[in-house]
Structures are given as structure tokens and as C-alpha cells.
Amino acid sequence: MIVALREAQGTAWLFEPGLRDSLARVGATAFQVNVDDVAVEDALRMAQAEPVVAVASIWTDGDVRAALDVLSGEASGYDAYRVTERVRLDPRPVADGERADIVAQIAFLRKPESMSREDYLSYWLLEHTAVAIRTQNTLSYIQNIVEEVLAGSSPPVAAIVEEHFPMASLTDPHELYGSGGDDAELERRMSLLIDSVVQFGAHRGLDLVPSSQYRWELGAQG
């Protein structure tokens, strides 16, 4: 489950041990927090409505709605989705609760009305993935197919992608695109990526959230 928190109520509560304990009691096995904070303030961000200030991801062996009940007891404004995760490039291992030394970029994608779900997912999963990884300095690439909207007012997001980049990419586009300081190569990579993004409508209706990332393995409690 992925939950986008949209109201700036503060994010300290997401780091409370009691929250993780409560999630573990309803079957959660891992918990990840991504926060748009001062460490990524120079990054590009986009929002269709109220900006996303944090993203909470929960892996669970139990009922996703029970986990959402735990989280929503503290949250004041959120969108929530049940997803199928596909890890295309594994993230670097980080100790529980430590900030990963990356910029974690999370994009909430909306399917164009002109495309069927089948065609949309086929292009994103099979065609665009290779282009995105080949044209950027990608440290990790994780795709989430939205299977169910869990909160009635949440927008109909079709997919959520999480990409990790070096911290230096915040201020150096060559670090972001892996172009080695070559301006012509940078332009070539950017052009290829934009062309592919347009093919499945990901240049429109986009929420783009840069973040610092923290993760905990929980071990579900009986």
C-alpha cells in the first residue's frame, strides 16, 4: 500500500516507534517513509492539487485496510492505493531508520483516457522502463501498478514509480542523466526520455515528489 500525505501537518509522527508497532500488530512487515524536506529542497516537484509532503509505503501480510486504519488515525489529508510492486533495480541496503544517501523521486502517474489499461501498462512496464534506466543515472527503479483506490476521494492514479538518484543530481543535470559532462549526450538522453514519457501520457497529470527516504523492517506481530 502507498499513501500520499497531502496536508502539511508535520511529519514527525511518521517516525514514532508506536506507529510502527501498531502497523506490525495488523500484519505489516515493512514500513517506508519518504519526506519532501530540506535535504531535497533544490529538486523539481510537481503537483496537480495540494502538494504531496510525504509518502508512506506499507508491505503487509494482513489486511491493507487495517494498516490504512492505523495510518489514517494520524493523517489529516491523504490518498491511498493498493499496489503490485515490481522492483526493476534493487535499492542499496540501508540500516533501519537511517536516511538513504539518495534523492528518492516518486511520481504518481495518470492514464490518458485515450489508452486502455492494458496498452498503458504494457508500454510503461516493457518499453519505457528500458528507456528510463538507460537515459538516467538510476540507482534504483521500482514500479507500482495501482490495483485499487483505497480512499474514495483519491484521484484515479494508474501507476506509481520510485526512482533513486545520487544526491549530486539535485544541482547537476549530468549527474541526473549520467552524461559524464558531455552536453550533447545530456541533450540526447533528455530527448529520448521525454519522447518516451509522451508516448504514454506521463507528461500530463503528474505529481512528482522528491524526497529523503527511511525504511524499517517490522516483522509482523501476532
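Give just the number: which of (1) surrounded by fewer than 13 Cβ atoms within 10 Å (Cβ to Cβ); (2) over 27 Å from residue 16 (Cβ atoms); (3) more than 17 Å from the chain's Cα centre (by Cα); (4) not aromatic (Phe, Trp, Tyr) does residue 175 not satisfy?
Condition not satisfied by residue 175: (1).
Take the stretch 100-132 and flag every residue that is surrounded by 15 or more Cβ atoms within 10 Å (Cβ to Cβ) and either within 13 Å of residue 164 (Cα to Cα) or among the charged types (D, E, K, R) (or both).
Within the stretch 100-132, 100, 102, 103, 104, 105, 106, 107, 110, 111, 132 meet the criteria.
Which one of these is surrounded by 15 or more Cβ atoms within 10 Å (Cβ to Cβ) and not polar (S, T, N, Q): 86, 20?
20
Test of understanding: among 98, 118, 85, which residue is over 23 Å from residue 192 (Cβ atoms), in a helix (DSSP H, G or I) and at pLDDT 95 or above?
118
For the stretch 34-55, check the following and say yes or no: at least one residue is outside any loop (DSSP other than H, G, I, E, B), touching a residue at least 60 places away in the same chain (Cβ under 8 Å), out of contact with any strand residue (DSSP E or B) (no Cβ under 8 Å at 6 or more places or on another chain) and surrounded by 15 or more Cβ atoms within 10 Å (Cβ to Cβ).
no
Of a type in the set (A, V, I, L, M), in contact with a helix residue (DSSP H, G or I) (Cβ under 7 Å, 6 or more places away or on another chain), surrounded by 17 or more Cβ atoms within 10 Å (Cβ to Cβ) and under 30 Å from residue 96 (Cα atoms): does that describe residue 168?
no
Would you say residue 210 is in a loop (DSSP other than H, G, I, E, B) and under 19 Å from the mean Cα position of the chain (by Cα)?
no
The values are calculated or read from the model by the stated rules, or taken from the named source; none is laboratory data. Model, not experiment: these values are computed from the prediction. FYI the Cβ positions are ideal-geometry reconstructions off the backbone, even for glycines, and counts take in every protein chain you see.
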